[in-house]
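Notes follow the structure.
The values are calculated or read from the model by the stated rules, or taken from the named source; none is laboratory data. Please read all numbers here as calculations on a predicted model, not as lab measurements. Note that each Cβ is placed from the backbone with ideal geometry, even for glycine, and that neighbours are counted across all protein chains shown. Just so you know, the surface numbers come from the protein's heavy atoms only, side chains and all, with ligands and any DNA or RNA stripped out. Shrake-Rupley method; radii C 1.70, N 1.55, O 1.52, S 1.80 Å.
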Amino acid sequence: MHGQWSSRLAFILAVAGSAVGLGNIWKFPYVAGQNGGGAFVLVYLLCVFVVGLPIMMSEVLLGRRGRRNPMSTMRILGQEESGNRHWQLIGVGGLLASFLILSYYSVIGGWTLHYVVLAARDTFIDANAEILQSEFNGLVSSVGNLTFWHSVFMGLTAVVVARGVEQGLEAAVRFLVPALVAIMVGLLVYAITSGDFAAGLRFLFEPDFSKLTPTALLIAMGQAFFSLSVGMGAVMAYGAYLPQEESIINTSIAVVSADTAIALLAGLVIFPIVFANGLDPAEGPGLVFQTLPLALGQMPGGSLVGTLFFLLLAFAGLTSAISLLEPVVAWLVETRGMRRGSAGLLAAFGVWLLGFFTVVSFNVAADFKFLRGTFFDNIDFLTSNILLPMGGFFVTVFAGWVMCPNSSADELDPTAGTIYKIWRVLARFVVPVAVALVFLNAIGVFS
Ligand code: PHE
């Protein structure tokens, strides 16, 4: 049976470890850049607090009530609350999403490991934008290099999950997030003094709604789900370990705020550098790797700071990757009777194989495009913008409509106070309607 977190702080650290990762520092700036900035960021923030936060609360509450892996939790709660076992399909969708996300997440995690080495070797010192661009292109055009680092990253993830030492990571996360923020603040000082900070601010916060296409709207919502780790059961899996007396409301608000602050911080560092150097904000997945090294190469002690930064980023990615592998492994262990070690290795091997689709998306298969673009583009779009929102939709519909109010109040707030009431309105009406509208809009129903 499940153990429990030692304290509320431990739970916050675990969920924050899952939420804070490559999504904040690698993905948020580049998707914001590709989708025109300001208006996109505004929609993103709305989605985080109006849609993402209530979903996170719903996931934790279901997880704590079910106290099992997400699939078993949804089956048991579905039966308990409505006599219907099909709610476990939410769990199935979540497992699929986590598998697919991890397959590309590990490849990008590998990029950060490669950049640890580059920074340590003084590669960034006095490098200009062109050198850094070709450095990045050199990495992604090499199947061998990408495969090597993808394997290292996936291997690290597998070892941690197989040994079940996540609890030991509490300590790591406790140090990791503040250290990452400290370095980012250092980089922010550079961005303010040496970058075009005014242009960066304008880009991020001056909304130009003509840039907000229906697809951009869907991508902003998808990014909110991805960054908060909601919609696939990762948070539900962690909720299963939360002690009964802890407040789900407060912990969720803390995690969501921290995650959002870190994403905005990343944007505030990166865009001033982009505009001061005449780079393209819509550069794509390479954006962070081509901009931050510029700053690192010009500041005193840049090699050391850069090594630390990419190491911390890789670690932040690792704690997220662990939360992506954990639901699959918990499911294999709890329902297929596998040993934890073998389950971890088996799942990691499957993910590792799938990662090749992403590896080749940046080189030999870069021109092979279908639907949304390369394999990577499609896996990313399918997971962030379809599977996660769908998972979140059904989770809140379950928590808001199917679950009896006594059960949900019991978990969230037995006195059924104001925040509980707000949550219930959001979960019953606002979240499902918002997700549905954004979907319908994106497939062109309203145009
Ligand atoms: N939230 C993580 C990040 O921002 C990624 C993630 C998504 C982790 C979904 C778990 C589940 O990097």
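Here segment 144-183 is described by how far its Cα atoms reach on the three principal axes: 34, 28, 5 Å, from widest to narrowest. State the Cα centre-to-centre distance between segment 126-185 and segment 14-81 in whole Å. Their Cα centres are 22 Å away from one another. Projected onto planes of every orientation and averaged, the convex hull of the alpha-carbon atoms in the chain covers 20.0 nm².
May I ask you to compute the full-extension gain from ASP122 to VAL50, defined as 0.36 nm times their residue separation minus their alpha-carbon distance, rounded to one decimal in nm? Could you put the intermediate results ahead of the total?
On the way: separation 72, 0.36 × 72 = 25.92 nm, distance 4.39 nm.
Gain on stretching ASP122 to VAL50: 21.5 nm.
When the chain is described by a simple charge dipole with +1 on each Lys and Arg Cβ and -1 on each Asp and Glu Cβ, the residue from PHE375, VAL425, PHE225 located farthest towards its positive end is VAL425. In a reduced charge model with +1 at each Lys and Arg Cβ and -1 at each Asp and Glu Cβ, segment 8-442 shows a dipole moment near 1020 debye about its Cα centre.
Candidate membrane-span-like segments in the chain, meaning DSSP H helices with Cα atoms spread over at least 15 Å of their own axis and a Kyte-Doolittle mean of 0.5 or above, are 8-19, 53-66, 88-120, 143-163, 166-194, 214-228, 248-276, 287-298, 302-336, 340-361, 431-442, with no membrane implied.
About the Cα centre, and with charges only on the beta carbon of Lys, Arg (+1) and Asp, Glu (-1), how big is the dipole of segment 352-447? Nearest 20 debye, please. Here the size comes out at about 240 debye. For the options GLY306, GLY417, GLY195, a Gaussian network treatment of the chain with springs between C-alpha atoms closer than 10 Å singles out GLY417 as fluctuating the most. A protection proxy built from the mean count of other Cβ atoms within 10 Å ranks the segments 37-45, 345-353, 124-132, most packed first, as 37-45, 345-353, 124-132. Placing +1 on the Cβ of every Lys and Arg and -1 on the Cβ of every Asp and Glu, with nothing else charged, gives segment 1-75 a dipole about its Cα centre of roughly 380 debye.
Here GLU206 and PHE446 are evaluated by their C-beta separation; at R0 = 22 Å the FRET efficiency comes out at 0.30.
Using a 1.4 Å probe on the protein chains only, how many percent of the accessible area of the chain belongs to carbon and sulfur?
Solvent-exposed carbon and sulfur of the chain make up 66 percent of the total.
Note on segment 70-187: the alpha carbon radius of gyration divided by the globular reference 2.2 N^0.38 Å gives 1.50. Annotation: per residue accessible area for the chain equals 37 Å², rounded to a whole number [probe 1.4 Å, protein chains only]. Using C-alpha pairs under 8 Å with a sequence gap of at least 6, the mean separation divided by the residue count of the chain gives a relative contact order of 36 percent.
For the peptides 317-327, 272-282, 375-385, 224-234, residues were scored by their other Cβ atoms within 10 Å and the scores averaged per peptide; the highest-first order is 224-234, 317-327, 375-385, 272-282. Restricting segment 367-447 to trypsin sites (Lys or Arg not before Pro) that sit in a DSSP loop and have at most 11 other Cβ atoms within 10 Å of their own Cβ leaves nothing.
Dipole of segment 41-147 computed with +1 at Lys/Arg Cβ and -1 at Asp/Glu Cβ about the Cα centre; of VAL60, ILE108, SER134, farthest Cα towards the positive end is VAL60.
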